[in-house]
1. Return the calculated 222 nm mean residue ellipticity for the protein assembly as shown, to the nearest 500 deg cm²/dmol, obtained by summing -39500 (n - 2.57) across DSSP H runs with n ≥ 4 and dividing by the residue count.
2. So for the protein assembly as shown, taking the charge dipole from beta-carbon charges (+1 Lys/Arg, -1 Asp/Glu), which of A:GLN4, B:PHE239, A:VAL142 sits furthest toward the positive end?
3. For chain A, find the longest principal axis of its Cα atoms and tell me its angle to the long axis of helix A:117-144, 0 to 90°, nearest 10.
4. With every protein chain left in place and a probe of 1.4 Å, what is the accessible surface of A:THR187, to the nearest 10 Å²?
5. Residues with beta-carbon under 15 Å from that of A:ARG220, excluding A:ARG220: net charge, scoring Lys, Arg +1 and Asp, Glu -1?
6. Inverting the mean 1/r over all pairs of different Cα atoms, compute the Kirkwood radius of the range A:71-246 and quote it in Å.
7. In the range A:71-246, what percent of the accessible surface is made up of carbon and sulfur (1.4 Å probe, ligands and nucleic acids excluded)?
8. As I understand it, the value is the acute angle between the Cα axis of helix A:6-18 and the longest principal axis of the Cα atoms of chain A; what does it come to in degrees, rounded to 10?
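The values are calculated or read from the model by the stated rules, or taken from the named source; none is laboratory data. Since we're looking at a predicted model, the values are computed, not measured. Reconstructed Cβ throughout: ideal geometry from the backbone, glycine too, with neighbour counts over all protein chains shown. Please note that ligands, DNA and RNA were not included when accessible areas were found on the heavy atoms of the full protein model with its side chains. Shrake-Rupley method; radii C 1.70, N 1.55, O 1.52, S 1.80 Å.
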Amino acid sequence: MAKQSLGEKLADISEKTKSSQAWNSIFRPGSIFRKGYSDSPRNRSYVVMNSLIYHLHPVKVKRHAVKVSYTLCLGGLSFFLFILLTVTGIFLMFFYRPTAAQAWDDIYTLQTSVTFGLFVRNMHRWTAHLMVLTVFLHMARVFYHGAYKAPREFNWVIGVILLTLTLLLSFTGYLLPWDQLALWAVTVGTNMMGYTPVFGDQVRFVLLGGVEIGTDTLLRWYVLHVLMLPFVAVIFMAIHFWRVRKDGGISGPL
Amino acid sequence: MAEIPEHLLKRAEEAKARAGAESEGEPVPNEATETKVPEELLDRTKAAGDRDTTLATKESGTQVEPPQLPAPTGSGPAGHTQRLLTVVKSGSIQDVKLKPVDKVHVWPHLLVVEFVAALAITAFSTVFSIFVNAPLLELANFNQTPNPSKAPWYFLGLQELLTMFHPMVAGVTIPGLALFLLILAPYIDRNPSNKPEDRKFAISLMTIHLMFWAVLVMIGSFFRGPGFNFIFPWADGLFFEL
């Protein structure tokens, strides 16, 4: 066989690259990286169909569903805030140790000596409060539009569970700075749970990891806050979004 | 009138020419029969026909006439491959359940809105986080109870109830019941309409419920001072940390 010239070799490599799976998924039809994207109905469909967006949205939705005045974007914003909280939360985890001896000092050091530490902590706290608000308003919006009615009953149930999970996520995070505000807010909250009928003391013991709030409580709530509750919430969110599409998109128009 | 594609026009021309030639008495070899059905398949069909006849004879004992197989043709009279039998309106044979709805593409109409909303809330929380710092009080101290001690704001409604009821009622029964009824809402409210004028009762009830919590949370947040006593925030100051 004749020896290939350099030009032939290059042409060969270029052809192999262009027929590879990676190349074709980056420069797929509808991709913004593909040369010559033009605004056509075909390409508009490809943008959704050939990307991750297809997990969340169909190619087309009812015209009234894109009106901001109908949904106020509350559900989407709740999800987006959850993502923001995950990102800022991961950053905070690098600088935090959940023990009574170290937690407060870690937060203090984070605020004073870590680049963007104070900013990211502020962001995490304020978006957390904001998320409680948007989830609550989302529930009110859905109720006032009668969107919990058939065939969406089950999705409403999932939604109420997600509201509860959001409150629990926020409440478990409240203890972590281990300052006076955290300690006594959680004392008030868990004392209330101790009044659960029949097994109140047991509920309180499991939640606190002991009879009093202490370093065990901190570890317990930390694991709940960064791992278990987000894990459960993500599962319920996946079901929630899937049900929205399964039940024929968002409700309405009124 | 819709434009007829060129290849169809051409095919129609050919068929017309062939039909014209046939009617003039010059038999044109039917290409379709010769080319489209291979010989061996025709043979097989004939063999199958014979077998059926013998089987039928064995079972019933009577002679069955071998079925007259029509010569297979690829085209109908005058070269047409299909014949129009009748025209049926779609409504009379199809039960169309789904009414066509006005739809728009998710890209760009919905995704742009979502993107702008996400951008706006990111900008808002960024600016807010630059100017307002999250509270970090002094290290937790079990021996020094702050006065007042308050729960996080979303639980202040419950803490407010604690001043009125036994802790089991305020902390467990009322919120538990509220959550339970909320979950059951779609199963209690069987009214299928989503029009506000048809569901005045449901809307009133929910509004009262939401206002109940909103008012309690606000009282707990702003109108409770040392000893969790009632205060006016403009007179006695704010006792509230987020």
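1. The helix-only estimate for the protein assembly as shown comes to -18500 deg cm²/dmol at 222 nm.
2. B:PHE239
3. 90 degrees
4. 30 Å²
5. Working: positive: A:ARG97, A:ARG204; negative: A:GLU212, A:ASP216.
It works out to a net charge of 0.
6. Details: mean 1/r = 0.0572 Å⁻¹.
This gives a value of 17.5 Å.
7. Its accessible area is 75 percent carbon and sulfur atoms.
8. Orientation of helix A:6-18: about 50 degrees from the principal axis.
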